Amino acid sequence: MAVAEHIHSDFYIELENKRRIVNTAMQRVFAEARDINRDLRQALRYTIEGQGKRIRAALLMWCCELVCGSVNSNTEIAAAAVEMIHTSSLVHDDLPAMDDDDMRRGRPTCHKRYDEATAILVGDALLVLAFESLAKYIDNSKVAVALIGELASAAGPEGMMSGQLADLKAEKTKGTKQILEYIHTNKTAKMFRCAAAMGAICGDATDEQYNLLGEFGLKIGLGFQIADDILDVSQSSKQLGKTAGKDKQANKVTYPSVIGLEKSKKLAKKLADDAIAVLEPFGKKAKVLRQLTKALLQRKK
Ligand code: GRG
């Protein structure tokens, strides 16, 4: 089934349910880490309470439901860990040494609301808390180790960190499609692949299910970043909750800057179609993932 499938309003209700679940799990992890310094706790609370879309968490939980029919407490903790890592990367990305942004999730960035040192430590704290929570709350040690391994390889030097440095180094260069694909795969798509794979692991997927869901995650992750590039040039800061037009201002290498807006839209659509094709073996049960793919293509923020 191609991208043309209609998005049912139930999809957005279901997405909101997943947001609530992961927000509660993050609050729990945070509340049970009792010995955090008062100033750090305050800045962490501010950051965790920011209104993220929680797409990676929803993807993780839906992949788990697809392979085993429901989510359990391990899935909720895994989803919280993915969102903590993602949020930590945003806090660091916004720092003056990186993308230097004043606005995130509709509010001042962490270093603007507090200060740079605090924001560095908030990012560090979320990064560590994510792994600590997997070690502490996952009730099966084999599952915990597998989840930790997935998350470390997607967020670490073989994933997001390399993508981020390549992205910063590419500023003010002309860029090529190959460089762009490297940046977007590493800084964004691998985290989507990881979320899908972690959901599969929580649901005790077969090797085939795990591989298919990982491939699906990688494709929608790449499409997600292309859509992000498109939104940067087509939406307002108010709509995005972060500074619009930032990529051009910082001379970033993006899909619209390298291949143009129309070709970027076509590529995002093709990736969505390819992602949906990967879901074929799951049949009707993958409906929510097909809806997610379509929603990501149509998103306005
Ligand atoms: C500290 C783990 C860690 C990494 C350091 C800073 C850095 C390396 C990486 C940043 C990578 C980055 C900013 C990728 C962009 C990914 C992206 C499209 C972010 C926007 O995601 P949304 O739209 O945001 O899901 P919300 O706010 O909804 O969660």
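Coordinate-derived values only; no laboratory data. None of the values given here were measured: they were computed from a predicted structure. Cβ placement follows ideal geometry from the backbone for every residue including glycine, while neighbour counts extend to all protein chains displayed.
With 19 Å as the limit, write out which pairs from Lys242/Lys301; Lys187/Lys266; Lys246/Lys269 have Cα-Cα distances beyond it, or answer none. Correct reply: Lys187/Lys266; Lys246/Lys269. Estimated at 0.36 nm per residue, the fully extended path between Gln298 and Gln42 surpasses their Cα-Cα distance by 88.6 nm. Straightening the chain between Gln27 and Ile259 buys 79.3 nm, computed as 0.36 nm per residue apart minus the Cα-Cα spacing. Counting only Cβ charges, +1 for Lys and Arg and -1 for Asp and Glu, the dipole size of the chain around its Cα centre is about 940 debye.
Here the range 204-236 is scanned for amide nitrogen atoms under 20 Å from the site 7 Å beyond the Cα of Ser153 along Cα-to-Cβ, giving 204-222. Pairs of Cα atoms nearer than 8 Å and 6+ residues apart set the relative contact order; for the range 33-183 it is 22 percent. Spherically averaged projected area of the convex hull of Cα atoms, the chain: 14.2 nm². Shown for the range 1-105 is the translational diffusion coefficient from the Stokes-Einstein equation, using the Kirkwood radius over Cα pairs, a temperature of 20 °C and a viscosity of 1.002 mPa s: 139 µm²/s. Summary value for the chain: 23 percent relative contact order, contacts being C-alpha pairs under 8 angstrom separated by 6+ residues.
Amide hydrogen proximity for Arg104: with H placed 1.01 Å from N in the peptide plane, the residues at 5 or more positions away or on another chain lying under 5 Å are Thr109.
Label reach from Asn72 (point 7 Å along Cα→C-beta): in the range 207-238, amide nitrogens under 20 Å belong to 207-211. Computed extension length for Leu231-Glu171: 19.7 nm, one decimal, from 0.36 nm per residue of separation with the Cα-Cα distance subtracted. Kirkwood-type hydrodynamic radius, the range 62-160: 14.6 Å, calculated from all non-identical alpha-carbon pairs.
A simple spin-label model places pseudo-atoms 7 Å from Cα toward Cβ; at Glu49 and Met98 they are separated by 2.3 nm. Since only Gly283, Leu296, Leu267 are under comparison, the one whose Cα sits farthest along the positive direction of the charge dipole of the range 254-301, derived from C-beta charges on Lys, Arg, Asp and Glu, is Leu296. Given a Förster radius of 30 Å and the C-beta distance between Ala117 and Asp35 as r, what FRET efficiency does 1/(1 + (r/R0)^6) yield to the nearest 0.05? My answer for the efficiency is 0.95. In summary, the helical segments of the chain meeting the span-like criteria, namely a full DSSP H run, a Cα extent along the axis of 27 angstrom or more and a mean Kyte-Doolittle hydropathy of at least -1.0, are 9-32, 73-93, 116-137, 207-234. Centre-to-centre separation between the Cα atoms of the range 73-101 and those of the range 130-191: 11 Å. Compactness of the range 206-290 is given as radius of gyration and Dmax, 15.5, 46 Å, from Cα positions.
Among Met98, Ala154, Thr118, which residue has its Cα positioned farthest towards the positive end of the charge dipole of the chain, with +1 placed on the Cβ of Lys and Arg, -1 on the Cβ of Asp and Glu, and the dipole taken about the Cα centre? The residue sitting most towards the positive pole is Met98. For the chain, the mean residue ellipticity at 222 nm estimated from helices alone is -22500 deg cm²/dmol, where every DSSP H run of n ≥ 4 contributes -39500 (n - 2.57) and the total is divided by all residues, rounded to the nearest 500. Excluding same-chain neighbours fewer than eight residues apart, the aspartates and glutamates reachable from Lys284 by a Cα-Cα span under 18 Å are Glu5, Asp10, Glu14, Glu65, Glu208, Asp273, Asp274. If you plug the beta carbon distance of Ala135 and Lys248 into 1/(1 + (r/R0)^6) with R0 = 25 Å, you get a FRET efficiency near 0.05.
Across the range 91-228, counting alpha-carbon atoms alone, Rg and Dmax equal 16.5, 49 Å.
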